[in-house]
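Structure first, commentary second.
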Amino acid sequence: MQYVEVTCRLLLVAVFVTAAFTKVSGKAAWLAFVRSLRQLKQIPSPLLQPVALAVVAIEAIVAVLLLVPVRVAGWIGFALAGCLLLSFTLVIGRALSHGNRAPCRCFGASSTPLGPIHIMRNVMLVCVAVLGLAGASASGTLDAPYALLAGAGGLVAGILITAFEDIVTLFGPAG
């Protein structure tokens with residue numbers, strides 16, 4: 001179970017580092033992220049900047065907590081990741097229920113409108129956070145080669161998840 005925890009940790013680290021970095025990688029990226037929050041029509045205008053800052057800060061905090069090799073940090077990191085992802089899922093679901101298909105700026109510039117695929121991706125990531133939390137509760141020792149393999153698998157999976165929209169578009173029907 002501990003190798004599952006390592007995989008989940010590094011998968012979520014890749015996802016949250018990418019998410020945070022792409023939102024703050026420049027003024028244009030930041031403004032696009034704030035504009036995407038505005039387009040969701042769920043946050044009052046005066047709260048857009050504070051909410052945007054909070055999202056990026058929490059994403060960064062989750063990544064740091066999951067990188068710290070301390071059990072309590074892992075528990076907090078996984079729980080915070082799960083709560084944040086669940087919040088994102090609910091916001092996306094609410095937007096879709098009102099017919100709002102604003103572009104997703106989860107991982108930087110994207111013209112892909114919100115859709116069920118975003119909910120599916122986030123539900124899967126919530127499951128990863130729950131699985132990681134369960135693994136963080138296990139005790140025992142890790143063999144370094146297997147831990148490295150599990151971590152590498154998690155990183156690759158995290159990178160693929162951040163490119164999920166592009167992959168779906170690449171292999172989807174020509175439009």
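The values are calculated or read from the model by the stated rules, or taken from the named source; none is laboratory data. As the structure is a computational prediction, the values presented were derived from the model and not from experiment. Positions of Cβ are backbone-derived with ideal geometry, glycine not excepted, and every protein chain shown enters the neighbour counts. In case anyone asks, the SASA skips ligands and DNA or RNA and just uses the protein heavy atoms, side chains included. Shrake-Rupley method; radii C 1.70, N 1.55, O 1.52, S 1.80 Å.
Per this entry, Ile167 is not counted among residues that are at pLDDT 70 or above, assigned to a helix (DSSP H, G or I), at negative phi and open to solvent by less than 40 Å² (accessible area, probe 1.4 Å).
Is there a residue being hydroxyl-bearing (Ser, Thr, Tyr) and free of Cβ contacts under 8 Å to residues at least 40 places away in the same chain anywhere in the range 7-25? No: zero hits. Can you report the number of residues in the range 122-147 which are modelled with pLDDT under 70, open to solvent by 30 Å² or more (accessible area, probe 1.4 Å) and assigned to a helix (DSSP H, G or I)? Looking only at that region, the number is 3. Anything in the range 21-45 that is over 14 Å from Pro113 (Cα atoms), of a type in the set (Ser, Thr, Tyr) and under 17 Å from the mean Cα position of the chain (by Cα)? List them, or say none. Across the range 21-45, the qualifying residues are Thr22, Ser25.
Those helices (runs of 4 or more DSSP H) of the range 1-112 in which at least 3 residues are surrounded by fewer than 19 Cβ atoms within 10 Å (Cβ to Cβ) and at pLDDT 95 or above, considering only elements entirely within it, cover 48-67, 71-97.
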